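*Asks:* There's a structure below that I have some questions on.
The values are calculated or read from the model by the stated rules, or taken from the named source; none is laboratory data. Keep in mind it's a predicted model, so treat the numbers as computed, not measured. Ideal geometry is used to build each Cβ from the backbone, glycine not excepted, and the neighbour counts take in all protein chains shown. To get the accessible areas, we keep the full protein, side chains included, count just its heavy atoms, and leave off ligands, DNA and RNA. Shrake-Rupley method; radii C 1.70, N 1.55, O 1.52, S 1.80 Å.
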Amino acid sequence: MNYPVWNFPILGGSLVVAIIAIIHVLISHLAIGGGAFLAIAEIWSNKISDGEKVRKWLHKFTTFFLVYTTVFGAITGVGIWFSIQLASPEATSLLIHQFVFAWATEWVTFIGELTVLYLYYYGWNSNSRGMQVFLAVAYFVIAWFSLFIINGILTFMLTPGAWTLDNKEIAWGFFNPGYTPSLLIRTLIMFLLAGLAGIMIATFIKDDDEFKSKMIRFSAKWVIPAAVLVPVLTVWYWLTLPESTLKFYEAGIVGVAGGKMEGITRFFWLAVISGALVVLGTSIAAWKPKTVHFSTAISLLLIAQVGFMGAEFFREMARKPYVIKGVLYSNALWAHKAEDKAYMNEPYLSHAKWAPKVQPMTLEHGEWMFRLQCATCHTLDGYRSLTPRTENWTPSFGVRFLENLHEQGVMPPFQGTLQDRAALTSYFMHLHGNDTSPGAVLDTYEKEEKAKAEAMNASMKEAQK
Amino acid sequence: MNPSHLIAALIAQTQAQVPLPSPDPLGYPVPAILLQILSYFTLGLHFIAVNFTLGGLIYLVWTKIRKVDNGASEFLSSSLPLGFSYLVTLGIPPLLFVQVMYGQMFYSSSVIIGAFWILVVPLLILAYGMLYLNKLKKDTRPNTRLVILGISLLAMLTIGFIYVNNLTLSMTPGMWMEKYTANPAGSQLNHGEPTLFARYALFMSPALVVAGAALVLVGILRSKWRGDDAGVPIHELGMKGHLIGRVATLAAAGALISTLPKEFLDTLMAGPGKLFLIFGVGLAALSTAMVVVAAQKKGTVFGIIGIVLMVLEVIMFIAVRDFLRQIYLAEFFKFEDVPVHEQWGMVGIFVASMVAGLALLIVLTVKVSKSAIARYKESHAA
Ligand code: HEM
């Protein structure tokens, strides 16, 4: 544990990351697919008689596209950086040290994307037709390369493949088992989003129903590749997932948190159903284009956003309890350290760099246990809140629960001594107005254990007789 | 006891409790010197873009308040969103490299001021969004426009302040423990840091300098392409602002020097920092001379040389800034402590893509600009 834990109230670090990421993922995919849309629309407009009209419409599309992707897309992208630094500094550090030049290369694509887009947009009235087509195509190609790169790092976190801390083989980590299916799914989804954005901009065409229908039908076609192929690719992706993820999914983690971890199952289906709704909605739009309103179009985009939310939470939960599967737990415990029994059983605060000097077996002791060991994933009263989740804790239940923390499947193993567990249990009990001290928790627990052991002994003797 | 001894004593006393993270197990992907160079260049471009955008915004607000319509506001309104976009994008590589080089310090300080650090994100959207709103909404009432621009300006100034808080805190590990334990939610700034405000002033005041030089060039080009004197008020405004900015920067630099711990300053001046400082000052003088000549003679080339020298000047000062950081951190951390696991293959891919990318962008930009300039000339030909 190298870094301080950001105890952001209510949301907690992990939900801050999730919120920013969910917004960013939709926009960034749209930013790439939209490039292909511009390119094809440019070429198409050269071939048809009312091309000038199409290009005028395209200018509207580009204005929306430019502001939306550069303001919200680029900034939420930077925002993900800010948030992961705060929520998981240790993991961010690992990713950065392993992939910094991949990211630097990705940055080249950012600069390229932006500059080309500006040349395209600001040169609207002065560039030649050939130049406009070239710029649109170049934009798409460059933008797609940014996906090509970031996809390696994103999939690495869930399926690091043959990469290990020792071999540090960047190529193995980058082109990991999840890489290809994920790249293909994302590429198709990008086209889909571009189509939805196209439909939305087409609804601004007011007094030319024919033209509006034409543009809506043109845009709707962009949804077809995803509608046909994403289901197949999802099966492939599924086959690359770690076994533990599939187990979570299948079990729906019955019993944990009152079944709350069915979350992973529910989020998966949220993504699937949203996808299906988008396809259905687009089909209806293509069938009756004149009836499509702005509100319909924006609803389709919102449903897509909900789908992304499902997919992102699925991805996040699929990794639990790790940030980097099999390598680093979400609370910055290294997997290889977790196997070192002696380390795990040391008094936790003695090697926690960021704990102040606290009196052992006090409330403060328990509070810092919570802050440093649980707060990366839990808040007290907001996201994944522990106050309600520990409502029924008794001394013995708490101490035992903590001892078996990892057996829940979604949490890392507990680090620390019996005293640490008692102090933490006492802290949670205090949150509910129960002022049992850590020492009293320990006593009760030990007495119960002793009684149990005696009872066991007694029954053993009984049986022997 | 004199203050520097006091500080030394304080540091010695708190050192036992400094929660310094150990360096990342993966080590550096290339020798630190290369990371430094990459960081200086890209951070230099970031600072130029920050200063252009912030300064441009100040000029724009000024023209709106004074209700002067000299063409500067038209240029600024349409170019500030671009400036913002590049300031963000050019911030990315130094953000990568600072994490590689100084991750232990940078992550720690970011978490300690976490609530403010994450606030940068909505502030960026606000500042940037307002610039587009200003550009795209043509029919806004003057006062509404001032509000829009004012929000953007305030947001930018706040972001800069948060940055200075984070970076100064990242250089003073002795302060961490107390701050973190008092407020683990991170809703605090680096109060108590003696250099904070002077440093902030030093980073913000070049805004007028950089944007002023840009306005000089824009004014000259405008007159030239139109074949009239339409650009004169623009380059005069830029000239004045540039000089005011220089004076303000000098004052801020003096203030910073007076707040720096003396032994740090001495160490800096005993090393290569001195050389870079002298180069920086020299380049600053030269660049301002060029800008003045450009404004006098309406010489585009002088203006361009002045701006190029200014970029080099900023890079020199960035090196000095980094040496100072190493002096602050000397007793906690040295580059030599971190192992290097080389990734030359990845560096090759990066360099190749960078060269290819830049070449393509330059060719395209020249082409597009040529047709845009031709069109501009055509539409303004009397
Ligand atoms: C309006 C927006 C911004 C302003 C006013 C601004 C201003 C500043 C200032 C004043 C510093 C120096 C702080 C100090 O040394 O005390 C700085 C450093 C830095 N900025 Fe920006 N910045 C802005 C946006 C950004 C963005 C969006 C990024 C990232 C994408 C970024 C990346 C950086 C980095 C990485 C450093 C420090 C690098 C180092 O120490 O090596 N900035 N910025």
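*Asks:* Taking the conditions exactly as written (within 13 Å of the ligand (Cβ to nearest atom), open to solvent by less than 10 Å² (accessible area, probe 1.4 Å), modelled with pLDDT of 95 or more and not in a helix (DSSP H, G or I)), does B:Asn190 satisfy them or not?
*Replies:* yes
*Asks:* List pairs: first in segment B:118-129 and outside the structural domain of B:Pro81 (by TED's automatic domain parsing), second within 8 Å of the ligand (Cβ to nearest atom) and among the aliphatic types (A, V, I, L, M), Cβ under 7 Å, 6+ apart or cross-chain?
*Replies:* If the second residue must be within 8 Å of the ligand (Cβ to nearest atom) and among the aliphatic types (A, V, I, L, M), no pairs are left.
*Asks:* Could you run through segment A:285-304 and say how many residues are touching a residue at least 60 places away in the same chain (Cβ under 8 Å) and open to solvent by 40 Å² or more (accessible area, probe 1.4 Å)?
*Replies:* 5
*Asks:* Which one of these does B:Arg325 not meet: (1) away from the ligand (no atom under 16 Å from the Cβ); (2) basic (Lys, Arg); (3) under 24 Å from the mean Cα position of the chain (by Cα)?
*Replies:* Condition (1) is where B:Arg325 drops out.
*Asks:* List every residue pair whose Cβ atoms sit under 9 Å apart, with the two residues 6 or more apart in sequence or on different chains, where the first one lies in segment B:159-187 and is over 30 Å from B:Phe84 (Cβ atoms) and away from chain A (no Cβ under 12 Å) and the second, anywhere, is among the aromatic types (Phe, Trp, Tyr) and more than 9 Å from the ligand (Cβ to nearest atom).
*Replies:* B:Thr172/B:Tyr328; B:Gly174/B:Phe332
*Asks:* Here's something else I'd like to know. Pick from segment B:72-88 the residues that are open to solvent by 10 Å² or more (accessible area, probe 1.4 Å) and within 8 Å of chain A (Cβ to nearest Cβ): which of them is farthest from the ligand (Cβ to nearest atom)?
*Replies:* Checking each candidate, the answer is B:Leu82.
*Asks:* Yes or no: segment B:109-119 includes at least one residue that is at pLDDT 95 or above, near the ligand (Cβ under 10 Å from one of its atoms) and polar (S, T, N, Q).
*Replies:* no
*Asks:* What are the residues in segment A:374-390 that are in a loop (DSSP other than H, G, I, E, B) and in contact with a helix residue (DSSP H, G or I) (Cβ under 8 Å, 6 or more places away or on another chain), if any?
*Replies:* Of everything in segment A:374-390, those that are in a loop (DSSP other than H, G, I, E, B) and in contact with a helix residue (DSSP H, G or I) (Cβ under 8 Å, 6 or more places away or on another chain) turn out to be A:Ala375, A:Thr376, A:Cys377, A:His378, A:Thr379, A:Leu380, A:Asp381, A:Gly382, A:Tyr383, A:Arg384, A:Thr390.
*Asks:* Against the conditions (1) within 20 Å of the chain's Cα centre (by Cα); (2) within 8 Å of another protein chain (Cβ to nearest Cβ), where does A:Ala138 fall short? Just the number, please.
*Replies:* The failed condition is (1).
*Asks:* Which residues, taken from segment B:248-265, are loosely packed, with under 13 Cβ neighbours inside 10 Å and either without any contact (Cβ under 8 Å) to a residue 24 or more places away in the chain or not in a helix (DSSP H, G or I) (or both)?
*Replies:* Scanning segment B:248-265 gives a single hit, B:Gly254.
*Asks:* What do you reckon, is A:Tyr329 modelled with pLDDT of 95 or more and under 25 Å from A:Leu95 (Cα atoms)?
*Replies:* yes
*Asks:* Is it the case that A:Ser385 is open to solvent by less than 20 Å² (accessible area, probe 1.4 Å), in contact with a His (Cβ under 9 Å, 6 or more places away or on another chain) and closer than 26 Å to A:Gln85 by Cβ?
*Replies:* When the stated conditions are applied, A:Ser385 passes them.
*Asks:* For B:Ala356, state whether it is hydrophobic (A, V, I, L, M, F, W, C), touching a residue at least 24 places away in the same chain (Cβ under 8 Å) and not assigned by TED's automatic domain parsing to the domain that holds B:Lys262.
*Replies:* no
*Asks:* Can you name every residue in segment B:342-351 that is under 19 Å from B:Gly103 (Cβ atoms), open to solvent by 40 Å² or more (accessible area, probe 1.4 Å) and either at pLDDT 95 or above or of a type in the set (Phe, Trp, Tyr) (or both)?
*Replies:* Listed by number, the list is empty, since nothing qualifies.
*Asks:* Consider only pairs whose beta carbons are under 6 Å apart and that are at least six residues apart or on different chains; among these, list those whose first residue lies in segment B:339-351 and is within 8 Å of another protein chain (Cβ to nearest Cβ) and whose second residue is of a type in the set (Phe, Trp, Tyr) and in a loop (DSSP other than H, G, I, E, B).
*Replies:* Going by the 6 Å Cβ cut-off, there are no qualifying pairs.
*Asks:* Taking the criterion of being under 27 Å from the mean Cα position of the chain (by Cα) and of a type in the set (S, T, N, Q), would at least one residue in segment B:334-351 satisfy it?
*Replies:* no
*Asks:* Name, by its number, the condition in (1) under 23 Å from the mean Cα position of the chain (by Cα); (2) modelled with pLDDT under 90; (3) not acidic (Asp, Glu) that does not hold for A:Val278.
*Replies:* Every condition holds for A:Val278 apart from (2).
*Asks:* Now for a separate question. Could you pull out the residue among B:Ala201, B:Ala214 that is open to solvent by 10 Å² or more (accessible area, probe 1.4 Å), away from the ligand (no atom under 13 Å from the Cβ), modelled with pLDDT of 95 or more and outside any loop (DSSP other than H, G, I, E, B)?
*Replies:* Step by step, each of B:Ala201, B:Ala214 is checked, and only B:Ala214 is open to solvent by 10 Å² or more (accessible area, probe 1.4 Å), away from the ligand (no atom under 13 Å from the Cβ), modelled with pLDDT of 95 or more and outside any loop (DSSP other than H, G, I, E, B).
*Asks:* Name the single residue that is nearest to the ligand (Cβ to nearest atom) among those in segment B:43-71 being within 19 Å of B:Glu236 (Cβ to Cβ) and hydroxyl-bearing (Ser, Thr, Tyr).
*Replies:* That would be B:Tyr59.
*Asks:* Which numbered condition in (1) within 12 Å of the ligand (Cβ to nearest atom); (2) over 26 Å from A:Pro4 (Cβ atoms) is the only one that B:Gln99 fails?
*Replies:* (2)
*Asks:* Looking at segment A:88-128, which of its residues are assigned to a helix (DSSP H, G or I), open to solvent by 20 Å² or more (accessible area, probe 1.4 Å) and more than 7 Å from chain B (Cβ to nearest Cβ)?
*Replies:* If the condition is that a residue be assigned to a helix (DSSP H, G or I), open to solvent by 20 Å² or more (accessible area, probe 1.4 Å) and more than 7 Å from chain B (Cβ to nearest Cβ), then A:Glu113, A:Tyr121, A:Tyr122 are the ones that fit.
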